[in-house]
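First comes the structure, then the notes that go with it.
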Amino acid sequence: MANSAFTHDPQITVPGSSTDNAVVIFDGTAGTGFGNSTILVDSGGNGRIGITGDTDVIIVTANTVTVAGTLAATTLTGSGAGITALSAANITASGTLPALNGAALTALTAANITASGTLPALNGAALTALNGTQITSGTLPAARIADDSIVEAKLDVSNGPTNGQFLQAQSGEGGGLTWAAAGGALQSTVQAETRAAAAASGDVSYTGAGFTPTTIIVFAGGDGDDESISIMAGDDSAAENGLVVYAMSATTIIDGGRALIVDINNQAMTNTQDAVLKTLDSDGCTFTWSKQGSGSLAAFTILYLR
């Protein structure tokens, strides 16, 4: 059957021949259902569907449909493999991306890894340029500290060492450690001293030990028959004082009971020169004296020990 025209409402024309090779022309110029335009269906080998003035809106070739412009659809189905130029800006937050193969994420920057997620466990062997300053919390296991790698400068010690000293536990220091001299032979020095009977009360420093003593023993006696004699001891535990032997006379001896380092008085206890140990110093010690009445002349010897 030869091509011939027929009419339909709206008008459908099948031309016998046409310069645009249209097989069917839907002419909606009369305003009946086709938007006042001419729709062309071309079977001249080009596989085109278009409208007057734009005949290449849809091009159909072997198994491929090409749309020149924007394709609007409620739902698209298929593998999506052919969508090769989809911009990330067009992926909205209304859906969920499937699991991805991380091997393809070759340009992911740290700025795009937010704190809202959790990284999976990593193989630390790949962290070859990790700076130690980036480890701000946690505890390194002992196995990760190399042998012979801890030096004195890295220890929290209260003072600097000198040759021959040892590291001593000291709870009063911030790091709990201090450098101290090693224990050795007992050091001792004897110094003879006097105390005038009329000397006023107050502190007096005695020197000549040659070192800082840790203990002193004082042998003291008065200058009269009724004067007392005493043997006292004090140490560096808050300058403690303690009576070892105290004699009021040749026949009266008292053991202990008086917290003094020197105790010289008459039998009536009206004239006295008493002292307590105030401090142990770098070259001796300091006594705090108390005079009562006319006082008593004291001669005493200090034995310094360390």
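The values are calculated or read from the model by the stated rules, or taken from the named source; none is laboratory data. Here the structure is a predicted model, which means the values were calculated and not measured. Here Cβ is always computed from backbone atoms with ideal geometry, including for glycine, and neighbour counts include all displayed protein chains.
Looking across Ala107, Ala129, Ala182, one residue alone is more than 30 Å from Ser290 (Cβ to Cβ) and in contact with a Phe, Trp or Tyr (Cβ under 7 Å, 6 or more places away or on another chain). It is Ala182.
Check the stretch 173-188 and report whether any residue there is at pLDDT 85 or above, part of a loop (DSSP other than H, G, I, E, B) and closer than 30 Å to Ala275 by Cβ. There is at least one residue in the stretch 173-188 that is at pLDDT 85 or above, part of a loop (DSSP other than H, G, I, E, B) and closer than 30 Å to Ala275 by Cβ. Inspect the stretch 90-105 for any residue being more than 30 Å from Thr70 (Cα to Cα), modelled with pLDDT of 80 or more and of a type in the set (A, V, I, L, M) and give the result as yes or no. No, the conditions are met nowhere in the stretch 90-105. Only one of the numbered conditions (1) within 30 Å of the chain's Cα centre (by Cα); (2) modelled with pLDDT of 85 or more is violated by Thr118, and that is (2). The set of residues from the stretch 165-193 being polar (S, T, N, Q), surrounded by 11 or more Cβ atoms within 10 Å (Cβ to Cβ) and more than 19 Å from Ser282 (Cβ to Cβ) comprises Gln168, Gln170.
Filter the stretch 42-65 down to residues that are part of a strand (DSSP E or B) and exposed (fewer than 13 other Cβ atoms within 10 Å of the Cβ) and give me whichever is modelled with the lowest pLDDT. The qualifying residue modelled with the lowest pLDDT is Asp54.
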